[in-house]
Amino acid sequence: MDTESTHSGYSNRSNRHGEQSRRERRKLSSKDSSRSERSVIINTPYGPTQASPNHNSEPLLEVPTSVAGDEAPSLQDDNWGETTTAVTGTSELSLSQEEVVGLGKGSEDGLRQGCRRYAPLALGLCVGLLVLATPLAFLVLPAVLWPARLQACGSACEGLFLSVSCKLLILLLAVWAIFLRQAHASLPRVCVYRALLAILTLLLTLSYWLFYGVRILDSQDEDYQGIVQFAVSLVDSLLFVHYLAIVLLELRQLQSCYSLCVIRSTDGETRYYNLGQLSIQRAALSLLEFYYRDFPLHNPALLSASKHRAAKHLAGLKVYTVDGPGNLAGPAGGSGGSQVGGHSRAMISAAARRRDATHNELYYEEADHDRRVRKRRARLVVAVEEAFMHVRRMQQEEQKASPGDVMDVREAALAIFPSMARALQKYLRTTRRQHCHSMDSIQRHLAFCLTHNMSPKAFLEAYLSPGPTLQYGRERWMAGQWTLVSEAAVTSGLKEDTVFSLRCLDFSLAVTVKSIPYIQMTEEYVDPKSHKFTLSLQSETSV
Amino acid sequence: MSFIPGQPVTAVVQRIEIRKLRQGEHLILGFSIGGGIDQDPGQNPFSEDKSDKGIYVTRVTPEGPAEVAGLMMGDKVMQVNGWDMTMVTHDQARKRLTKKNEDVVRLLVTRKSLEQAVRHSMM
């Protein structure tokens, strides 16, 4: 029995039933014997059964000359079904995923990326410098251009100078805090409010320059106090524009009025978040930050089971007309498709029986898996507890007394790790999470737990349940580049029943927006003395 | 007054006829009842057997129609106008006694002293 054969890509022949197709299917499906799934495919003798997307719908046949000699052994091969492995769709898919991920990383234009990241910062710096320089210029220019004719002003001017400098300092710090910090995300479109505020600031400054130029420079005004007051009024207006900026950019979204439902497309993980009035792209950004915190790590290994079931269901019963072209009235193909005549009843009953088999299989498979996981988990817990019993934190006095056999945290972790490594690895393999944790990361986590005096249960929690995406290394995220897919414009605000989705390579997050209802609350005063009680053990009625 | 489960209840009873007194718009009898199958029989101070859920007279207003007719505190009411009172709820008992279209109620009541009196007279 040849389970390691790699026959593929042979020319397609007409469909032969019976032993030959069974044998070919065995060869076809054993191509993926490296897959760890062991499942039995009970195939009907008719037609092709694999739903792997890259194969044609007809079975791959061997060269017919060698078949005749091998037919006899295949007939006697009774347990070929137990050792074949399933062809799932993921074998080809995962390969192509890695390819695309590798391509995707290199395809971004470095220069363009840098431009997009730093352009807002550069623009902000320009506007900020302009804003800083203008009042100073207003103050300095008269002293430079016509110093002789300028009236000296006393303490009032000094007070105004102080206020100008103080307000400029505050304005500078405030502008830096809101606008000039490093952006931690690059959004597809420019934020509308920021653009409007920049335009407003520029307009304000330009109009002040206009007035300055016409009224003061041209006419060479001598009243210096008036000029200083002019400069102070400019700084005041800029401070108020900055206040408007704070309200529009920061405060407006604090009060939550929409509830967003986020569903991951692969495994249906759902979370709900309350957000305020935001544009769609900023809401998407907040949601992605929440995604990295709340959603458990995306695990493609857990999805192969349902794909396998879908493949078997699709590759179900097919109906072939043997009566000729006159009977091609009804829909053909697939399980459940029925033709006219006696075929239909037989088809439906066969399909029903087959469906019974599928969910029966699922039930027993899941029960078996649960039992295995629990068994492994019990062994793991015991192994970890025993390992932790061996290591003990040394007290200060002991340290001075016996300097031999003293280890630091890292060595202690390495010392107790081997006793639990096997149990941990087996458990992770059963729950299909072995790719999330490397040995180095496990040892580091163990050292961390030992440093902080954690119990074995605390150490194990990281491995018993999948944690949020952010806790794993960057290479595990499988989601660095996100695409916002939306029917409405991404700079428009959130509204009731807005739907958009965030797509990355492997999966997508579908987001639905619902508004929080208007809550009408009334009050009712309860006098604390009004709580009175009687005991009704034996009621007595007077008649 | 004790009852044996499965056997009919036997008791020595006294027939008391009370004429209702009109007070304002109410017809009153002048006593209070307690007990009933929906009440807690352990709280009954008058019953001999603390699992007895019958209707007992808990108070008799002085100079009222009930006292005049001879009703005493602690009596157990067995029948009212022919209606049984040993297996009724408290509210049903109240309703039987306070029917507006009846002017007179004929009660069958029992008390411990009645049985003793009969036993003495037989000896």
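The values are calculated or read from the model by the stated rules, or taken from the named source; none is laboratory data. Small disclaimer: the values here were computed from a predicted structure and weren't measured. Every residue, glycine as well, gets a Cβ built from its backbone with ideal geometry; the counts of neighbours run over all protein chains shown. These area figures cover heavy atoms from the full protein model, side chains too; ligands, DNA and RNA do not enter into them. Shrake-Rupley method; radii C 1.70, N 1.55, O 1.52, S 1.80 Å.
Students often get this wrong, so check it: of A:Lys307/A:Lys375; A:Lys426/A:Lys457; A:Lys532/B:Lys95; B:Lys20/B:Lys99; B:Lys20/B:Lys95, which have C-alpha atoms separated by over 22 Å?
A:Lys307/A:Lys375; A:Lys532/B:Lys95
From the mean inverse distance of alpha carbon pairs (Kirkwood) and the Cα radius of gyration, derive Rg over Rh for segment A:183-223.
Numbers: Rg = 17.1 Å, Rh = 12.7 Å.
When Rh is taken as the Kirkwood radius, the ratio is 1.34.
Using 7 Å Cα-to-Cβ label points, what is the A:His435/A:Asp218 separation (nm, one decimal)?
It works out to 7.3 nm between the two label points.
Would you please report the Å³ per residue occupied by the convex hull of the alpha carbon atoms in segment A:386-473? Present the calculation step by step, with values, prior to reporting the outcome.
Working: hull volume 8.8 nm³, N = 88.
Enclosed volume per residue, from the Cα hull, is 100 Å³.
Which three extents, in whole angstrom, do the alpha-carbon atoms of segment A:211-266 cover along their principal axes, largest first?
For segment A:211-266, the Cα extents along the three principal axes come out at 73, 20, 13 Å.
Based on alpha-carbon atoms only, what is the radius of gyration of segment A:435-523 relative to the globular estimate 2.2 N^0.38 Å?
The value comes to 1.72.
Putting +1 on Lys and Arg Cβ atoms and -1 on Asp and Glu Cβ atoms, find which of A:His298, A:Thr266, A:Gln277 reaches farthest to the positive end of the dipole of segment A:245-301.
So the residue furthest toward the plus end is A:Gln277.
As an exercise, take the mean of 1/r over every pair of distinct alpha carbons in segment B:55-123, invert it, and state the Kirkwood radius in angstroms.
Numbers: mean 1/r = 0.0757 Å⁻¹.
13.2 Å is the Kirkwood radius here.
Quick one: compute a quarter of the convex hull surface over the Cα atoms of segment A:105-261 and quote it in nm².
Orientation-averaged projected area of the Cα hull: 12.9 nm².
Mind grabbing the accessible area of A:Cys166 for me, 1.4 Å probe, Å², rounded to tens?
70
State the percentage of accessible surface on segment B:19-96 attributable to carbon and sulfur atoms; use a 1.4 Å probe and exclude ligands, DNA and RNA.
Within segment B:19-96, the accessible surface is 51 percent carbon and sulfur.
Which of the trypsin sites (Lys or Arg not before Pro) across segment A:139-220 are loop residues per DSSP, with 12 or fewer other Cβ within 10 Å? Before the final figure, lay out the partial values.
On the way: sites: A:Arg149, A:Lys167, A:Arg181, A:Arg189, A:Arg194, A:Arg215; in loops: A:Arg149, A:Arg181, A:Arg189.
In loop regions of segment A:139-220 (DSSP not H, G, I, E or B), the sparsely surrounded trypsin sites (Lys or Arg not before Pro) are A:Arg149, A:Arg181.
Just the accessible area per residue of segment A:267-311, please: how many Å² with a 1.4 Å probe?
On the way: 1820 Å² over 45 residues.
The answer is 40 Å² per residue.
With each label point set 7 Å from Cα along the Cα-Cβ vector, what nm distance links A:Thr522 and A:Phe211?
For A:Thr522 paired with A:Phe211, the spin-label model returns 5.3 nm.
Can you tell me the convex hull volume per residue for segment A:207-303, based on C-alpha atoms, in Å³ to the nearest whole number?
It is 135 Å³ per residue.
Which whole-angstrom value gives the distance between the alpha carbon centres of segment A:193-264 and segment B:88-114?
Going from one Cα centre to the other spans 91 Å.
Excluding ligands, DNA and RNA, what is the accessible area buried between chains A and B, summed over both sides, using a 1.4 Å probe, to the nearest 100 Å²?
The buried area between A and B, both sides summed, comes to about 1000 Å².
Let me know the mean shielding of B:23-36 by other chains, meaning the per-residue number of their Cβ atoms within 10 Å of its Cβ.
Taking the mean over all residues of the peptide, I get 2.
How much length, in nm to one decimal, is gained on full extension between A:Gln255 and A:Thr534, taken as 0.36 nm per residue of separation minus their Cα-Cα distance?
Taking 0.36 nm per residue and subtracting the Cα distance, the gain is 95.8 nm.
What is the set of long-range amide H partners of B:Met78 at a cut-off below 5 Å, with H atoms built 1.01 Å from backbone N?
Excluding prolines and chain starts, which carry no amide H, the hits are B:Leu108, B:Val109, B:Thr110.
For chain B, what mean projected area does the convex hull of the alpha carbons give, in nm²? Walk me through the numbers before you get to the answer.
Details: hull surface 32.6 nm².
So the mean shadow area of the Cα hull is 8.2 nm².
Along segment B:5-22, what does the Karplus equation 6.51 cos²θ - 1.76 cosθ + 1.60 (θ = phi - 60°) give for ³J(HN,Hα), rounded to whole Hz, x for Gly and Pro?
x, x, 9, x, 6, 10, 7, 8, 10, 10, 8, 10, 10, 10, 9, 6, 9, 8
Ordering B:Lys95, B:Lys20 from largest to smallest accessible area (1.4 angstrom probe), what's the sequence?
So, going from the largest accessible area down, we get B:Lys95, B:Lys20.
Take A:Glu496 and A:Arg271, extend 7 Å from each Cα along the Cα→Cβ direction, and tell me the distance between the two endpoints in nm.
Roughly 2.7 nm, to one decimal.
Across every pair of different alpha-carbon atoms, what Kirkwood hydrodynamic radius in Å does segment B:1-57 reach?
Numbers: mean 1/r = 0.0726 Å⁻¹.
Its Kirkwood hydrodynamic radius stands at 13.8 Å.
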